[in-house]
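Heads up, the thing below is written out as structure tokens.
Read the figures in this text as sums done on the coordinates, not as results from a lab. Fair warning: this is a prediction, and the values are worked out from it, not measured in the lab. In this analysis, Cβ positions are derived from the backbone assuming ideal geometry, glycine residues included, and neighbour counts consider all displayed protein chains.
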Amino acid sequence: MSELDPITLSVIQNGLVQVCNEMDLAFVRAAFSPVISEALDRSDGIYAADTGELIAQGELGLPVFVGTMQFSTQAVIERAKDVQPGDIYIVNDPYLGGTHLMDVKFVKPFFYRGKLWSWLANTGHWPDFGGAVPGAFLPMQRRLSKKGCDFHQ
């Protein structure tokens, strides 16, 4: 593969960032939650087809999600079998690149000319989708025992 000159590279990179920004604007228009649409508790990115590493990120959401989405995308790549156009994987497991249960990631394979080219992902904070308490936040509770303090949920 030949090297790209700096101008061509800049044009391609900015084009990919614009794709992420357009993903973000579509996300905002579709959101029912003001946490996603107004508080900017969301993010979008494009990730490498084989490794799940970040290619481009949007400028409009929270940058912290872009890093965690990489790990969620990698978890999908490791687990997804027979990926097809139109598939969408939904991840909110904090142990698979998440932060907490309310940060939900959508990971979608993007095919170009029949070949997997990249993964498109977004994250949004869903304030309440059920759980033991309203808002799905169940803080650690401190309990005294004979052995001292221990923590449980």
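Which length gain, in nm to one decimal place, applies between I7 and L25 when the Cα-Cα distance is subtracted from 0.36 nm times their residue separation?
Numbers: separation 18, 0.36 × 18 = 6.48 nm, distance 2.67 nm.
Length difference between fully extended and current span is 3.8 nm.
Loop-located GluC sites (Glu not before Pro) in the range 30-93 (DSSP state other than H, G, I, E, B) with a sparse environment of at most 13 neighbouring Cβ atoms within 10 Å: E38, E53, E59. Under the combined filter of DSSP loop state and at most 14 neighbouring Cβ atoms within 10 Å, the range 1-107 retains these chymotrypsin sites (Phe, Trp or Tyr not before Pro): F32.
Give me the one-decimal Kirkwood hydrodynamic radius in Å for the range 1-116, with the sum taken over alpha-carbon pairs. Here the Kirkwood hydrodynamic radius works out to 15.1 Å. Counting charges near R29 (Lys, Arg +1; Asp, Glu -1) among other residues having Cβ under 14 Å from its Cβ returns a value of -3.
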